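Asker: Starting off with a structure, shown below.
The values are calculated or read from the model by the stated rules, or taken from the named source; none is laboratory data. Keep in mind that this is a model prediction, so the values were computed, not measured. Every residue, glycine as well, gets a Cβ built from its backbone with ideal geometry; the counts of neighbours run over all protein chains shown.
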Amino acid sequence: MEKKEKKKLPKGITQRADGLYMGRFQYQGTVYPPIYDRKLKVVEQKLNDLRYEVTHQLYAADSKVTMDEWFEIWLKDYRGIRVKAGTKENYRDTYNARIRPTLGKMRVTAIQIDHVQRLYNQMAEKGYSQGSIRLVSVVLHGMLDQALKSGIVSKNVVTLTTLPKAKEKKDIIALSEEEQRIFMKYTEQHSRFARMYQTALSTGMRIGEIRGLRWEDVDFENNLIHVSATLKYTKENGYFDDTPKTRTSKRDIPMIGVCCEVLKKQLSEQTQKKDLAGSYWVPYDGLETLVFTQDNGKPIGKEAISRDMGHMLTGIRSEGYEIPEFTFHTLRHTFATRGLEKGIPMKVMQTLLGHATLAMTSDLYSHVLPETQAKEMQKLEEIFDNDC
C-alpha cells in the first residue's frame, strides 16, 4: 500500500502532530517569535506580514510597557522638553482624567484602533467639547508616534481613527449691564477679591494674567497695563510666571478711569498690609511684586477665587436677585460684550483680548453683532426722507 504523500507547505511553515500550523522566520541572524494557528492561510498571511515588516524596518518587538508607564517616559524625555510647563501640566491633567481610566493599564502594543475610537465616542456621548476630545487625540497621537519611532509599535493607530462630531458649544455667557452692576456692588461689600473682579471687567484679562500681574507692568503715567506673563501652578514647579497663552496675548491694554482707581487703591492697601505683616510677608522667589496676593504676599490660587465666586453668587441670590451661574472667565466675556455693544470695532477688541485671529473674536461674539448692526444701520435714516 502506497504511503500518502504529505502536503507540501510554504517555506518556513510546518505542521505539528496535533494539527497546529507553525510559521518561523529568521533574518540576518535574528529568529523572530513563531506564529501559530489551525488555519494554514492565516499562518501564511501573518508570516508574510512579518517578513514585510522586518525587511522594511517596520517590525516592533513585543513590549510589556503599559500606557501609564509610557506616558511618563514620553512626557519626561520627549514631549516635556519641547513645551511650556503649563502645557506639560495640561497634558498630564488630560491623560489622568480622560485616558488613564480606560487605557492606562493596557500594554502600548495592545492598543488598537477600536480602543481609541471607543474612547472618543464615549467622550462625545457624555457631552465633552470638540476641543476636549481633540486634546485627548493630541496626547495619544504624540505618545504612539514616539512609540513608533522607538520601535515599540509598528504603526500609530491614532492616525486611523476619526474624531466624532461633538455637541455644539454652549452659547457664551455674559452678564447683562444690570447683572454686572449687581455683581460689582455686592462684591465691593463682601469679597476680598473685588478688585480682581473689577480689573477683569474693565480690561478683559484672563484669570492667569490678572493673578500674574506685576506692579512694573502697571504704567500709571501712561494709563497702560502691559500684559507680559501669566501665573501658573504645577505640583512639580509650584507657582511660576509662564509666557502668555499665545504670541498675541502679550499686549498693552489702556486703563479706563475705574481700572486706574482700583489699582491705585490696591497699591495703597497692599503697601499697608506689607508694612503691618513685617517678617510674615513672605512672597515666592521671583514673584515679589505681584499686584494681587494673599495677606502674606503669596500668590492667589484659582481655587480660592472659584470658591469666593460661588459664595458671592449664593449671597446675591439670597438677597432676591436672579443671576446666572458663571465663572471668572465670564467677566472676560462680559468685558468684550460691553465693549462691542458700545461700538468698539471687532478688530480693536481682538487686540485687547489678545486673540490670535479676528475670526476667533468674531466666532465668540457674533451674538453681539445683530444688535450693534441694527444701531449702526439707524445712522442711515437721515439720508432718506421716508419713515419705515
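Asker: Please work out if F292 is closer than 26 Å to S176 by Cβ, among the aromatic types (F, W, Y) and at pLDDT 90 or above. It would help to see each step written out before you state the result.
Answerer: On the way: closer than 26 Å to S176 by Cβ: no; among the aromatic types (F, W, Y): yes; at pLDDT 90 or above: yes.
For F292, the condition - closer than 26 Å to S176 by Cβ, among the aromatic types (F, W, Y) and at pLDDT 90 or above - is not met.
Asker: Spot the failing condition for I172; the list is (1) outside the structural domain of R338 (by TED's automatic domain parsing); (2) in a strand (DSSP E or B), and only one is missed.
Answerer: Of the numbered conditions (1) outside the structural domain of R338 (by TED's automatic domain parsing); (2) in a strand (DSSP E or B), the odd one out for I172 is (2).
Asker: Here is a follow-up. Run down D145, D114 and say which single residue is under 21 Å from the mean Cα position of the chain (by Cα), more than 30 Å from L364 (Cβ to Cβ) and of a type in the set (D, E).
Answerer: Working: D114 fails: under 21 Å from the mean Cα position of the chain (by Cα).
After applying the criteria, what remains is D145.
Asker: Scanning region 333-351 for residues that are among the basic types (K, R) and farther than 16 Å from S362 by Cβ, which turns out farthest from the chain's Cα centre (by Cα)?
Answerer: The first filter runs over region 333-351 and keeps only residues among the basic types (K, R), leaving 338, 342, 347.
Next cut, farther than 16 Å from S362 by Cβ only: 338, 342.
Values: R338: 27, K342: 31 Å.
The selected residue is K342.
Asker: Condition first: in a helix (DSSP H, G or I) and buried (at least 22 other Cβ atoms within 10 Å of the Cβ). Now tell me which residues in region 203-217 satisfy that. First the steps, then the outcome.
Answerer: Step one: filter region 203-217 for residues in a helix (DSSP H, G or I), giving 203, 207-211, 215-217.
Result: T203, E209, I210, R211.
Asker: Looking at (1) under 30 Å from G238 (Cα atoms); (2) modelled with pLDDT of 95 or more, which is the only condition R92 fails?
Answerer: For R92, the exception is condition (2).
Asker: So is M123 under 17 Å from T102 (Cα atoms), touching a residue at least 60 places away in the same chain (Cβ under 8 Å), assigned by TED's automatic domain parsing to the domain that holds I111 and surrounded by 16 or more Cβ atoms within 10 Å (Cβ to Cβ) or not? First the steps, then the outcome.
Answerer: Numbers: under 17 Å from T102 (Cα atoms): yes; touching a residue at least 60 places away in the same chain (Cβ under 8 Å): no; assigned by TED's automatic domain parsing to the domain that holds I111: yes; surrounded by 16 or more Cβ atoms within 10 Å (Cβ to Cβ): yes.
No: the conditions fail for M123.
Asker: Counting only residues that are among the charged types (D, E, K, R) and without any contact (Cβ under 8 Å) to a residue 40 or more places away in the chain, which one in region 93-120 is surrounded by the most Cβ atoms within 10 Å (Cβ to Cβ)?
Answerer: R98
Asker: I'm checking my understanding of the structure. Among residues of region 148-169 that are charged (D, E, K, R) and either part of a loop (DSSP other than H, G, I, E, B) or closer than 18 Å to A124 by Cα (or both), which one is nearest to the chain's Cα centre (by Cα)? It would help to see each step written out before you state the result.
Answerer: Start the filter on region 148-169 by keeping residues that are charged (D, E, K, R), which leaves 149, 155, 165, 167-169.
Next cut, either part of a loop (DSSP other than H, G, I, E, B) or closer than 18 Å to A124 by Cα (or both) only: 155, 165, 167-169.
Details: K155: 27, K165: 18, K167: 18, E168: 18, K169: 15 Å.
Top of the filtered list is K169.
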